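The values are calculated or read from the model by the stated rules, or taken from the named source; none is laboratory data. Please read these numbers as outputs of a predicted model, since none were measured by experiment. Every residue, glycine among them, receives a Cβ derived from its backbone with ideal geometry; neighbour counts consider all protein chains shown.
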Amino acid sequence: MITRSFFLTLFLNVFFLFISSGAKAEAPNSYHQYFREEINSLSTIDFRIEKGWAKFDLIGGFADGKYKLKTWKIRPFGQNVYVLYLVFQKKSGSFLKYNQEVKIPFFYQKRDRLVFATPKGKKTFNLKELEILEAIKTQNGYKIIHKSQRLEVKLPVTNGKVYLTFIFP
């Protein structure tokens, strides 16, 4: 037979489970944090960086020179606003490696324009001008093919310049 202590224990367990489950009112900002992973994975970025390099003029001179793009990552910041994280690496000798990290905020409106925020102001690139179409004659008429677009960008950064090649499939 079920006793009163069993019901009391069951009630307390359900009560504490309900309290700890977050049944209280939450601010909308906490929802943003809760769904951060989903928001970060959702993006309208439809391009990639094919290659890149940078030329840095740092104080000291030993780390000055040309750096190769090692890795890049894009994170959403707001509506159509993203941050491009770049890591450049320079090898000096067989053991020494110098890394430089660059963070560049940018605005991207799908297939329309790409605007970078640099220390010297905005750098705007009109992507409509890059559109390449090819018409191929078929038996039934014509077939329009969109070709991959390539954009080469030179951006000033704090201690030098960054050169990137974007591919828009």
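Among the residues of segment 129-165, how many are in a loop (DSSP other than H, G, I, E, B), exposed (fewer than 15 other Cβ atoms within 10 Å of the Cβ) and not acidic (D, E)?
Adding up the residues that qualify gives 6.
Mind checking whether some residue in segment 127-141 is hydroxyl-bearing (S, T, Y), at pLDDT 85 or above and in contact with a strand residue (DSSP E or B) (Cβ under 7 Å, 6 or more places away or on another chain)?
no
For (1) modelled with pLDDT of 60 or more; (2) surrounded by 12 or more Cβ atoms within 10 Å (Cβ to Cβ), each residue gets a yes or a no:
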{"position": "F7", "(1), (2)": "no, no"}
{"position": "E26", "(1), (2)": "no, no"}
{"position": "Y34", "(1), (2)": "yes, yes"}
{"position": "G61", "(1), (2)": "yes, no"}
{"position": "K73", "(1), (2)": "yes, no"}
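Quick one: count up the residues across segment 113-123 that are closer than 14 Å to F166 by Cβ and out of contact with any Phe, Trp or Tyr (no Cβ under 6 Å at 6 or more places or on another chain).
Adding up the residues that qualify gives 1.
Look at L42 and say whether it is among the aliphatic types (A, V, I, L, M) and at pLDDT below 70.
Here the answer is yes, as L42 does meet what is asked.
Counting only residues that are basic (K, R) and within 25 Å of T158 (Cα to Cα), which one in segment 92-131 is farthest from the chain's Cα centre (by Cα)?
Restricting to residues being basic (K, R) and within 25 Å of T158 (Cα to Cα), the top hit is K97.
At pLDDT 90 or above, over 22 Å from the mean Cα position of the chain (by Cα) and within 18 Å of I49 (Cβ to Cβ) - does that describe any residue in segment 75-86?
Checked segment 75-86: no residue is at pLDDT 90 or above, over 22 Å from the mean Cα position of the chain (by Cα) and within 18 Å of I49 (Cβ to Cβ).
Counting just the residues of segment 69-87 that are in contact with a Ser or Thr (Cβ under 9 Å, 6 or more places away or on another chain) and either in a strand (DSSP E or B) or among the aliphatic types (A, V, I, L, M) (or both), which one comes out farthest from D46 (Cα to Cα)?
Across segment 69-87, the extreme among qualifying residues is V87.
Tell me whether segment 98-120 contains one or more residues that are of a type outside the set (S, T, N, Q), at pLDDT below 85 and assigned to a strand (DSSP E or B).
Scanning segment 98-120 turns up no residue that is of a type outside the set (S, T, N, Q), at pLDDT below 85 and assigned to a strand (DSSP E or B).
Looking at segment 102-129, I want the residues that are under 16 Å from T44 (Cα atoms) and have a partner that is part of a loop (DSSP other than H, G, I, E, B) and not hydrophobic (A, V, I, L, M, F, W, C) with Cβ atoms under 7 Å, at least 6 apart or on another chain. Which pairs are those?
F107/N80; Y108/N80; Q109/N80; K110/T44; K110/D46; L127/R111; L127/D112
Considering only residues that are of a type outside the set (G, A, S) and either surrounded by 15 or more Cβ atoms within 10 Å (Cβ to Cβ) or out of contact with any Lys or Arg (no Cβ under 6 Å at 6 or more places or on another chain) (or both), which ones fall in segment 88-103?
Result: F88, K90, F95, L96, Y98, N99, Q100, E101, V102, K103.
Based on this model, can you work out whether K70 counts as without any contact (Cβ under 8 Å) to a residue 12 or more places away in the chain and touching a Phe, Trp or Tyr at 6+ places or on another chain (Cβ under 9 Å)?
Answer is no for this residue.
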